[in-house]
Structure formats: C-alpha cells, structure tokens
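Worksheet: one structure, shown below.
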Amino acid sequence: MKKLLVAATAAILLAACGGGSDGPVDKPLNSLWTNTDTGATLDMQALQLGQSLTVALFPPSAVRCLCTLTVIGSQTSGSFAITGCIVSPYDARTNNQCTALNTTGNYSKSTDVLTLTTPNGASNYR
C-alpha cells in the first residue's frame, strides 16, 4: 500500500511540473515579452489579432512612449505596425525619440521566442 501511495504521489508531482520535461513551454503571442539584448519589455497580454492595442515602449533614452500596436496574422507569424507614438507625459523636447519608434514589419514566433523584423533589423524577445 505504501509503494502505491508513493508511486501515485510521484506521478501527481511530475504531472504538476509538466511531466518532468526540460523543453521550452509554448508561449502564446499575447504574453509579456522581454528583449534578449536590452531587457526592455513588450506587454502584449491584452493583444487580440487584427485589433489595435496601446503599448508602452521605452527607447534607450528611458523616456516612456505610448504607441498603438496592430498585429495582423496568426500566433506564429504575420505583420505588425507601431504607430502614433508619443512621449508620456508629453514634452515637445523629447517627443522625437518616440516618433522615431513608429515602424512596420513582420513577426515570427517559435515555441518561446518572438522575432520582430523591421527595416532597421531584427529583435528577439523571450
């Protein structure tokens, strides 16, 4: 009886931990992503494909930019547009740092890596 209890407990614990697999977890597109080079976050948790979402982006200058993100495609690939970026709180002297973020491009997502490709190059997020 004790052996059965130990085996059942071990099975429950392995199932709760994902079965003991060391592989990456399939992260949905609408998640919180972190740039692998800069550590900047991209919060896409409220994203619905084909609809616009207001996101906060932080260029290297550390100002806070509010932008509109639109994603058209699927969970694994498609196109995106970042438009209407404005510094928050508004300051005409630093707003150009935000307007420089306006861009279009393509995205691809593997199991746990999101790659955004724009005319300026590619960025990876985990």
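Since every read-out is calculated from the coordinates, none of them should be taken as a lab result. These numbers come from a predicted model, not from an experiment. Note that we place each Cβ from the backbone using ideal geometry, even for glycine, and neighbour counts take in every protein chain shown.
Key figures for this structure:
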read-out: Average projected area [Cα convex hull, region 24-125], square nanometres; value: 6.1
read-out: Cut-off 10 Å between beta-carbons: net charge of the residues surrounding Asp112, Lys and Arg +1, Asp and Glu -1; value: +2
read-out: Within region 88-104, backbone nitrogen closer than 17 Å to the virtual label 7 Å beyond the Cα of Ala56 toward Cβ; value: 88-91, 98
